[in-house]
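K.L.:
Below you will find the structure I want to go over with you.
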Amino acid sequence: MNRSLDKLAKKEPRLIVGIETGNTPGRLGAVVVGVSGSGDNTVLDIHGFKNYTLPAELVSTLHTLAGRDDFDPEEIAGINFLIYHHLTALYEDTLEEVGVPAEEVDLIGLKCIEIGGRIFPDDPSVFSEMTGCIVASRFSIGIENHAGDQLHVNESLLRRMMGSMMERFELDGEVREAAAVALLANEALFHENSEECIGTQSGTSSAARPTVRAVKRTGAAVGEEGACLYGEFFFPA
């Protein structure tokens with residue numbers, strides 16, 4: 001799996017689909033981009049963008065659940081099923097509209113949905129299985145070798161981290177957030193070291209699947225140690 005990521009990092013350009021889930025309530029957004037390089041040397045080519053509106057009843061349900069923290073297993077399973085369904089529909093619709101065959105996609109960047117203090121979907125490897133593509137998700141930042149101090153990359157943090165890059169590419173509007181997720185997935189490819197583990201971070205998956213945590217030193221100093229970007233890569237079987 002590490003070799004697959006190394007090979008992908010060397011490919012120029014990489015075709016990445018970025019999917020954002022929280023910029024506009026009730027809507028998901030996906031962008032197809034060609035990306036070369038990383039950091040200040042990144043070159044971005046946007047192929048197309050698509051919005052996807054969630055059903056009103058689902059939006060209402062998610063809004064109600066957002067104020068709770070006592071999900072039962074049935075509710076968790078139901079939320080995951082609906083989210084997987086709509087993410088896959090958005091992914092397929094976007095590729096069809098842009099005219100890109102699924103087999104040409106190198107990587108999917110996915111920013112998960114936060115509901116009631118939980119992160120959904122709880123196992124992005126299921127989405128990887130459904131699309132047949134490597135999925136980069138569950139991004140966080142922290143100090144290297146301090147696993148307990150990592151901070152989940154939420155909407156506001158995503159804007160701060162990728163804001164200067166977005167300005168450089170003159171991206172705004174709805175495409176901006178989805179492109180930021182695609183670029184975050186691209187950055188996570190360029191890591192200094194990685195840890196291969198089995199299962200998922202949340203531990204709620206019914207079947208253990210392989211994941212790779214890729215670590216990239218950002219260059220920003222935090223005390224005596226460097227700040228790192230963490231991304232988990234999920235592989236289809």
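K.L.:
Take the residues of region 34-55 that are surrounded by 15 or more Cβ atoms within 10 Å (Cβ to Cβ) and part of a loop (DSSP other than H, G, I, E, B): which is modelled with the lowest pLDDT?
P.N.:
Selected residue: Leu54.
K.L.:
Taking Leu95 as meeting all but one of (1) touching a Phe, Trp or Tyr at 6+ places or on another chain (Cβ under 9 Å); (2) buried (at least 18 other Cβ atoms within 10 Å of the Cβ); (3) in a helix (DSSP H, G or I), write down the number of the exception.
P.N.:
(1)
K.L.:
From the set of residues in region 98-138 that are small (Gly, Ala, Ser), closer than 19 Å to Gly29 by Cβ and surrounded by 16 or more Cβ atoms within 10 Å (Cβ to Cβ), which is modelled with the highest pLDDT?
P.N.:
Here is the first cut: in region 98-138, the residues small (Gly, Ala, Ser) are 99, 102, 109, 116-117, 125, 128, 132, 136-137.
In the following step, the residues that additionally are closer than 19 Å to Gly29 by Cβ were identified as 99, 102, 109, 136-137.
Keeping just the survivors that are surrounded by 16 or more Cβ atoms within 10 Å (Cβ to Cβ) gives 109, 136-137.
Values: Gly109: 95, Ala136: 92, Ser137: 90.
Top of the filtered list is Gly109.
K.L.:
Here is a follow-up. Going residue by residue through region 69-88, is there one that turns out to be within 15 Å of the chain's Cα centre (by Cα), of a type in the set (Val, Ile, Thr) and surrounded by fewer than 18 Cβ atoms within 10 Å (Cβ to Cβ)?
P.N.:
Yes, region 69-88 contains at least one residue that is within 15 Å of the chain's Cα centre (by Cα), of a type in the set (Val, Ile, Thr) and surrounded by fewer than 18 Cβ atoms within 10 Å (Cβ to Cβ).
K.L.:
Can you name the residue in region 1-33 that is among the charged types (D, E, K, R) and without any contact (Cβ under 8 Å) to a residue 60 or more places away in the chain and, of all such residues, is surrounded by the fewest Cβ atoms within 10 Å (Cβ to Cβ)? Steps first, answer last, please.
P.N.:
Just the residues of region 1-33 that are among the charged types (D, E, K, R), to begin with: 3, 6-7, 10-12, 14, 20, 27.
Retained after the next criterion (residues that are without any contact (Cβ under 8 Å) to a residue 60 or more places away in the chain): 3, 6-7, 10, 12, 27.
Working: Arg3: 7, Asp6: 13, Lys7: 10, Lys10: 9, Glu12: 10, Arg27: 16.
Restricting to residues being among the charged types (D, E, K, R) and without any contact (Cβ under 8 Å) to a residue 60 or more places away in the chain, the top hit is Arg3.
K.L.:
Let me ask something else. Looking only at region 61-81, count how many residues are in a helix (DSSP H, G or I) and farther than 14 Å from Asp122 by Cα. Steps first, please.
P.N.:
As a first pass, look at region 61-81 and keep what is in a helix (DSSP H, G or I): 61-65, 73-81.
If we keep only those that are farther than 14 Å from Asp122 by Cα too, we end up with 61-65.
Result for region 61-81: 5.
The values are calculated or read from the model by the stated rules, or taken from the named source; none is laboratory data. Keep in mind it's a predicted model, so treat the numbers as computed, not measured. Positions of Cβ are backbone-derived with ideal geometry, glycine not excepted, and every protein chain shown enters the neighbour counts.
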